[in-house]
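Below is one structure, written out as structure tokens, with a few remarks after it.
The values are calculated or read from the model by the stated rules, or taken from the named source; none is laboratory data. Source: prediction; values computed, not measured. Ideal geometry is used to build each Cβ from the backbone, glycine not excepted, and the neighbour counts take in all protein chains shown. Ligands, DNA and RNA are stripped out before the accessible areas are found, and what is left, the full protein with its side chains, is counted by its heavy atoms. Shrake-Rupley method; radii C 1.70, N 1.55, O 1.52, S 1.80 Å.
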Amino acid sequence: EDRYFIEVDLDTESPAKIIEKCEKYHAYYRSGLEQEESEMFPLTVWIVPSDSRKEKLIRHLRETFDKQAKLFAIITCDELEHLILEGGDREMLC
């Protein structure tokens, strides 16, 4: 069973706003509530409009959450099928 939180990014928010939202996901992860309910914590998938936005957010999130659990994947719409059917790849994780 795969579970995801899905966020659709339209490139209208600054990376700082995205990081702020990701910090809330990390706080929720640390609370253990989701894991208590479902025995797992879903990957948060950010679907972005372009490769340049993807690279930018991956860079910012990796810098910010360097030593923390990899809770996020940044993908374009074209990569969603690959993620769902094949599990994606490590380059999209941050």
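Checking every one of the trypsin sites (Lys or Arg not before Pro) in region 1-52 against DSSP loop status and a limit of 12 other Cβ atoms within 10 Å picks out Arg3. About its Cα centre, the dipole of the chain is roughly 480 debye, where the only charges are +1 on Lys and Arg Cβ and -1 on Asp and Glu Cβ.
Here the chain has 48 percent of its accessible surface on carbon and sulfur atoms, given a 1.4 Å probe and all protein chains in place.
Within the full protein context, the accessible area of Cys77 is estimated at about 100 Å² for a probe radius of 1.4 Å.
Working with all protein chains in place, sort Met92, Met40 by solvent-accessible area computed with a 1.4 Å probe, largest first.
Solvent-accessible surface, decreasing: Met40, Met92.
Under the criterion of Cα pairs below 8 Å and six or more residues apart, the relative contact order for the chain equals 31 percent. For region 24-94, the set of GluC sites (Glu not before Pro) satisfying both a DSSP loop assignment and a count of at most 11 other C-beta atoms within 10 Å is given as Glu39. Multiplying the residue separation of Leu85 and Arg3 by 0.36 nm and removing their Cα-Cα distance gives an extension gain of 28.3 nm. Solvent-accessible surface of region 17-94, taken per residue with a 1.4 Å probe and all protein chains present: 61 Å². Taking the chain as a Gaussian network of alpha-carbon nodes connected by springs under 10 Å, the highest mean-square fluctuation of the residues Thr76, Thr44, Thr12 belongs to Thr12. Between the entries [x] 51, 28, 28; [y] 36, 30, 22; [z] 48, 29, 29, the label attached to Cα extents along the principal axes in Å calculated for this structure is [y].
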